[in-house]
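Step one of this worksheet: look at the structure below.
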Amino acid sequence: VIEVDPAGNIVWMFRNYVHPNPILPRLRNGSFKERGADGWPSDWILSSRLSEGGGEVIWDEGASPRPCPGLSYDRPGALLLQQTIRCKPGTTYHMAGQIRTEELDGHACLQMSFIDAMGAAVYDAPDIPRGQSLNGSAGWVQDSFEATAPPSATALEARLFITGSGKAFVKGLLLHT
């Protein structure tokens, strides 16, 4: 909740959201070699806060050079496979990786969502830095993009994002300055 005066100044603000995920010093397991006991890639979480209750982590066991994770989704909303990494305001981050989709009637992309010390997104959803948007059935696409951490950013969420029914996969994810 935010109260803004007629001049556009924030009078007061209340947030009850606390960021529940660990904040890592750097991207880990971007090659997706390691799996946890839950079957998800180690150091990655499934964020379903926008999913309307659906979706799951899946694996493309036949991907080369090794199996890679993906998301299967079947309803309106959005699903995220993500990892939260500490960032430094004013630093430019470069993300690269490969992404593909299967029978996706929405879209999928790689994203870097910057968050503040309270765990809130710094950008509105349409403005989140992202790579190419894929839909339908698209073979592996090498993607890369960069973004500069805003002054209020303390971390970034490296993500595979999917909305709509279908599947999206990611492999070989890198994040560097």
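The values are calculated or read from the model by the stated rules, or taken from the named source; none is laboratory data. Bear in mind the structure is a predicted one, so any value in this text is a computation, not a measurement. Virtual Cβ from ideal backbone geometry, glycine too; neighbours counted across all protein chains shown. Note: accessible area is taken over every heavy atom of the protein model, side chains too, but ligands, DNA and RNA are not part of it. Shrake-Rupley method; radii C 1.70, N 1.55, O 1.52, S 1.80 Å.
Just a few scattered comments:
- Filter result for Asp38 (open to solvent by 80 Å² or more (accessible area, probe 1.4 Å), among the acidic types (Asp, Glu) and at pLDDT below 95): yes
- Candidate set: region 1-35, residues that are aliphatic (A, V, I, L, M) and not in a strand (DSSP E or B); chosen: the one modelled with the lowest pLDDT: Val18
- Residue pairs meeting the criteria (Cβ under 8 Å; at least 6 apart or on separate chains; first under 21 Å from Arg26 (Cβ atoms) and of a type in the set (Lys, Arg), in region 62-88; second open to solvent by 20 Å² or more (accessible area, probe 1.4 Å) and modelled with pLDDT under 95): Arg86/Ile23
- Tabulated pairs, region 113-142, first within 15 Å of Phe161 (Cα to Cα), second part of a loop (DSSP other than H, G, I, E, B), C-beta under 6 angstrom, 6+ apart or interchain: Ser113/Ile128; Phe114/Val122; Phe114/Ala149; Phe114/Pro150; Phe114/Ala153
- For region 115-133, the tally of residues that are assigned to a strand (DSSP E or B) and in contact with a Cys (Cβ under 7 Å, 6 or more places away or on another chain) stands at 1.
- Region 44-62 - residue that is of a type in the set (Asp, Glu) and touching a strand residue (DSSP E or B) at 6+ places or on another chain (Cβ under 6 Å) and, of those, least open to solvent (accessible area, probe 1.4 Å): Asp60
- Some residue of region 90-101 being assigned to a loop (DSSP other than H, G, I, E, B), more than 29 Å from Ser137 (Cα to Cα) and touching a strand residue (DSSP E or B) at 6+ places or on another chain (Cβ under 9 Å): yes
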